[in-house]
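Novice: What follows is a structure written as structure tokens; I'll ask about it next.
Taken together, the values in this text are just the output of simple stated rules run on the coordinates, not laboratory data. Remember, predicted model here, so these are calculated numbers, not experimental data. Cβ atoms come from the backbone with ideal geometry, glycine included; neighbour counts cover every protein chain shown.
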Amino acid sequence: MRAGLAARARRRLPGVASVALVVLVMVVLFGPVLMLALFSFNDSSIISLPWEGFTMRWYEEAWNAGQARDAVLNSLLVAAVVATASLVLGTLAAWGLTRLRFAGRGLAAGLHGSVLVVPWLIIGVAGLIFFSELGVSLSLQTVGLMQLVVTFPLVVAIVSAGLVRFSRSQEEAAIDLGASQAQMLRHVVLPQIAPSLAAAGIFAFAWSFNNFEISFFTGGFDQTFPVWVFSILRQSENLPVVNAASTVIALAQVLAVFGAWLAIKRLSRRGGSGGNEAISELMTGAVR
Amino acid sequence: MSEPMIVLDRVSRSFGELCAVDDVSLEIGAGEFFSMLGPSGCGKTTTLRLIAGFEEPDVGRVMLAGEDVTLVSPRRRNVNMVFQDYALFPHMSVAENVEFGLRLRRVARDQARERVAEMLTVVQLEGLGQRRPAELSGGQRQRVALARALVNKPAALLLDEPLGALDLKLRREMQLELKRIQKTTGTTFVYVTHDQEEALTMSDRIAVMEGGIVQQLADPRTLYEQPRTAFVAGFIGTSNSIRLEVSRREGELAVMELDQGMRVVAPDPGGSAPRLRITVRPEKIRIGGSSNGAGSRIRGQVVERIYLGSLSQTVVEIATGERLVVHELNDDEAAAVAPGDQVTLSWAERHSLIVDSDDGPQREERS
């Protein structure tokens with residue numbers, strides 16, 4: 001009997017160990033964020049124990065801080081424009097890279113990929129130098145333009161992956177059955193790469209919204225949300241307000257991405273493939 | 001042949017250095033089941049794509065139902081293609097897939113529905129219209145691809161190795177099925193395959209291609225019984241190739257004398273070629289046999305004997321060093337031989353097929 005128990009324990013060990021590992025990773029990844037969220041309800045301007053009691057006051061202050069609201073609105077505006085622009089341009093580029101044959105195609109694809117590994121700090125500084133050399137005054141436009149530099153290759157990467165999986169003969173079949181190029185794209189290609197487009201759009205938006213380095217160096221008087229957070233963090237009494245605002249923003253993003261994941265899964269099923277691709281697509285965007 | 005449906009007039013197509021299709025001329029009749037057969041890279045698929053319009057010829061003309069369509073885009077050509085991987089649209093139901101071409105041509109909804117239902121009946125997929133392609137078996141997907149193309153009533157249906165992805169049993173079923181559908185609809189079928197059995201089973205005529213040229217164009221029986229080149233003889237069925245040094249010519253026959261009264265006899269192609277290359281089909285050769293007549297008689301040693309169910313296959317090495325494959329029916333008369341045995345092989349002179357000669361007209365020189 002004892003031997004049997006030992007054998008059973010041995011058999012279960014990998015399962016138990018993997019659960020433990022997942023818990024550990026979750027704690028390391030999300031522990032600090034959860035701590036901040038917790039302290040945003042603490043009735044004290046110092047972020048540390050002891051617990052001084054539950055309050056919603058920091059949320060009220062954040063809500064009433066005009067600067068915070070402006071910053072969030074700025075970020076939303078920039079992110080919406082950047083996501084749309086990079087989605088359109090990136091999809092066109094991905095189409096060209098995967099469907100057309102031209103000299104230097106490999107080089108072009110490599111260049112797109114390489115931008116993804118350049119630190120955002122360097123891109124931000126480069127943008128600052130670029131705009132000041134040209135004598136362009138810094139504004140939300142310059143922020144958006146420089147963010148486009150990193151979100152565009154992201155879209156190219158995600159949409160290319162979708163297009164590569166897509167079988168070319170379907171395009172020929174559509175043409176063969178009488179479709180024009182536009183009809184082929186609309187009825188055959190777009191419905192099937194919709195999950196990739198959705199994932200690309202969401203992450204272009206999130207990258208733009210969350211970006212600090214580029215926004216900081218190429219921004220003017222109007223601040224984006226991360227830049228605003230940085231600017232008021234210098235006074236410690238503002239900490240809980242930042243905490244509260246960040247918690248709301250983080251929660252909103254988590255919900256948005258979760259909702260998008262569900263939507264992409266549905267799109268993928270409609271497209272005839274399983275939901276696994278949706279996950280891989282989300283991971284591509286989440287690497288940063 | 002009545003008015004040809006498809007005409008290729010001295011068509012060539014190169015990709016860089018490679019000449020995929022080299023000065024090919026073909027006429028395909030209306031309602032014909034026409035196959036292009038050859039190994040991969042022989043130019044058969046490129047030829048099909050030239051007809052479909054996915055490739056443009058460098059030179060030459062493509063005619064469809066009497067009209068020059070060389071420069072017409074594939075969407076405006078009245079031919080439809082069945083792709084090797086079927087290329088079904090996975091995000092559409094079976095019915096939506098089949099209806100796709102009709103929708104683009106703005107056929108009225110009711111009429112389109114009717115034609116889709118009719119076509120699904122022809123391919124025996126009634127009641128599966130609402131399924132997704134992912135929910136179908138390989139054979140069923142194949143039928144959807146056929147229906148999607150045929151519903152447009154094309155002047156010709158182009159099929160690019162459509163059975164390649166199916167297992168052997170299903171492939172045999174689908175061969176008969178394709179032939180049935182072709183007869184039912186009366187559509188011209190142009191069929192590309194590398195499988196000789198498939199081509200022989202279904203086709204009215206077959207173009208055997210190799211190196212971008214048509215080696216021989218004939219009906220299946222002629223290809224098998226009278227191959228014009230060594231390549232055709234080797235590609236269609238098993239071929240036993242023998243180099244024949246002509247010792248003397250006897251009237252209509254070329255004779256190679258060997259020791260002990262043994263000899264190989266073939267119909268003389270004319271001319272004075274000192275050497276001929278002949279082939280003999282395995283089932284035409286008899287083991288033992290007492291052909292004292294005008295036929296070939298040759299001794300050899302059994303190298304291998306394999307039981308194949310209805311047939312026995314015997315490999316015999318003959319005096320010239322060449323090996324011949326012999327097929328015998330496993331009936332009561334089958335010879336009982338074993339490896340190592342000395343046997344005499346015989347066959348009638350008309351079964352020596354000349355596929356090449358040193359100065360013969362059959363030789364296809366290419367620069």
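Novice: Picking from B:Ser25, B:Ser73, A:Gln141, whose Cα lies most toward the positive end of the charge dipole for the protein assembly as shown (charges on Cβ: Lys, Arg +1; Asp, Glu -1)?
Specialist: Toward the positive end, the furthest listed residue is A:Gln141.
Novice: Right, something else. Rounding to the nearest 20 debye, state how big the charge dipole of the protein assembly as shown is about its Cα centre with +1 on each Lys and Arg Cβ and -1 on each Asp and Glu Cβ. Present the calculation step by step, with values, prior to reporting the outcome.
Specialist: Values: 64 positive and 67 negative charges, 367 e Å.
Roughly 1760 debye for the protein assembly as shown.
Novice: Roughly how many nanometres apart are two label points built 7 Å out from the Cα toward the Cβ at B:Leu253 and B:Ser137?
Specialist: 5.4 nm
Novice: Still on this structure: Assuming 0.36 nm per residue, please report the length gained on full extension of the stretch B:Leu329 to B:Ser73 beyond their Cα-Cα distance. Let's see the in-between values first.
Specialist: Values: separation 256, 0.36 × 256 = 92.16 nm, distance 5.28 nm.
Additional length available on full extension: 86.9 nm.
Novice: Can you tell which of B:Val214, A:Thr91, B:Gln260 lies farthest toward the positive end of the dipole of the protein assembly as shown, using +1 and -1 charges on the Cβ of basic and acidic side chains (Lys, Arg; Asp, Glu)?
Specialist: Of the candidates, A:Thr91 comes out farthest on the positive side.
Novice: Counting residues in chain B as N, plug N into 2.2 N^0.38 Å and put the Cα Rg over that result. Show your work: numbers first, answer last.
Specialist: Numbers: Rg = 24.6 Å, N = 367, 2.2 N^0.38 = 20.7 Å.
Dividing the Cα radius of gyration by 2.2 N^0.38 Å gives 1.19.
Novice: Any idea how far apart A:Phe258 and A:Met35 come out in nm if each label point goes 7 Å out from Cα toward Cβ?
Specialist: Between A:Phe258 and A:Met35, the simple spin-label model gives 2.4 nm.
Novice: Okay, next question. Set the Förster distance to 35 Å, then compute FRET efficiency between A:Glu133 and A:Leu111 from the Cβ-Cβ distance, nearest 0.05. Please report the intermediate quantities before stating the final value.
Specialist: Working: r = 22 Å, r/R0 = 0.63.
With a Förster radius of 35 Å, E is 0.95.
Novice: List every DSSP H helix in chain B whose Cα atoms extend 15 Å or more along the helix's own long axis and whose mean Kyte-Doolittle hydropathy is at least 0.0.
Specialist: On the way: long enough: B:94-104 (16 Å, 0.47); B:109-122 (20 Å, -0.75); B:138-150 (18 Å, -0.32); B:168-185 (25 Å, -1.06).
Passing helices, by number: B:94-104.
Novice: How far apart, in nanometres, would the label points at B:Val59 and A:Arg99 be if each is projected 7 angstrom from Cα along the Cα-to-Cβ direction?
Specialist: 3.4 nm
Novice: Compute the FRET efficiency between A:Leu73 and A:Val118 as 1/(1 + (r/R0)^6), taking r as their Cβ-Cβ distance and R0 = 22 Å, and round to the nearest 0.05. Could you put the intermediate results ahead of the total?
Specialist: Values: r = 29 Å, r/R0 = 1.32.
Plugging the Cβ-Cβ distance into 1/(1 + (r/R0)^6) gives 0.15.
Novice: Also, quick follow-up: Please identify the trypsin sites (Lys or Arg not before Pro) of segment A:1-107 that satisfy two criteria: DSSP loop assignment and at most 14 other Cβ atoms within 10 Å. Which are they? Each step should come with its number before you reach the end.
Specialist: Values: sites: A:Arg2, A:Arg8, A:Arg10, A:Arg11, A:Arg12, A:Arg57, A:Arg69, A:Arg99, A:Arg101, A:Arg105; in loops: A:Arg101.
Those that pass, being in a loop and sparsely packed, are A:Arg101.
Novice: Nearest 500 deg cm²/dmol is fine: what mean residue ellipticity at 222 nm does the protein assembly as shown get from its DSSP H runs of n ≥ 4 alone, each adding -39,500 (n - 2.57), divided by its residue count?
Specialist: Values: 21 runs with 307 residues, N = 655.
Estimated from H runs of four or more residues: -15500 deg cm²/dmol.
Novice: Check every DSSP H run in chain A and write down those whose alpha carbon atoms cover 20 angstrom or more along the long axis and whose mean Kyte-Doolittle hydropathy is 0.0 or greater.
Specialist: Both cut-offs are met by A:2-39, A:66-99, A:120-134, A:140-165, A:190-210, A:239-270.
Novice: Something else: Counting other beta carbons within 10 Å of each residue's own, what order do B:Cys19, B:Cys42 fall into, fewest first? Could you put the intermediate results ahead of the total?
Specialist: Details: B:Cys19 18, B:Cys42 25.
Placing the least packed residue first, the sequence is B:Cys19, B:Cys42.
Novice: Next question, about the same structure. Can you figure out the FRET efficiency of B:Asp23 with B:Leu168, using R₀ = 30 Å and their beta-carbon distance, to the nearest 0.05?
Specialist: Details: r = 36 Å, r/R0 = 1.21.
Taking R0 as 30 Å, the efficiency between B:Asp23 and B:Leu168 is 0.25.
Novice: Moving to a separate point now. Which loop chymotrypsin sites (Phe, Trp or Tyr not before Pro) in segment A:8-60, with loop taken from DSSP, have no more than 13 other Cβ atoms within 10 angstrom of their Cβ?
Specialist: Details: sites: A:Phe30, A:Phe39, A:Phe41, A:Trp51, A:Phe54, A:Trp58, A:Tyr59; in loops: A:Phe41, A:Trp51.
Filter output for segment A:8-60: A:Trp51.
Novice: Using Cα positions and a limit of under 19 Å, work out the lysines in reach of B:Lys183, with same-chain residues fewer than 8 apart set aside.
Specialist: Cross-link targets: B:Lys153.
Novice: Now for a different question. Compare A:Leu100, A:Leu138, A:Leu116 in a GNM of chain A, Cα atoms joined below 10 Å, and give the one with the largest fluctuation.
Specialist: Highest fluctuation of the listed residues: A:Leu100.
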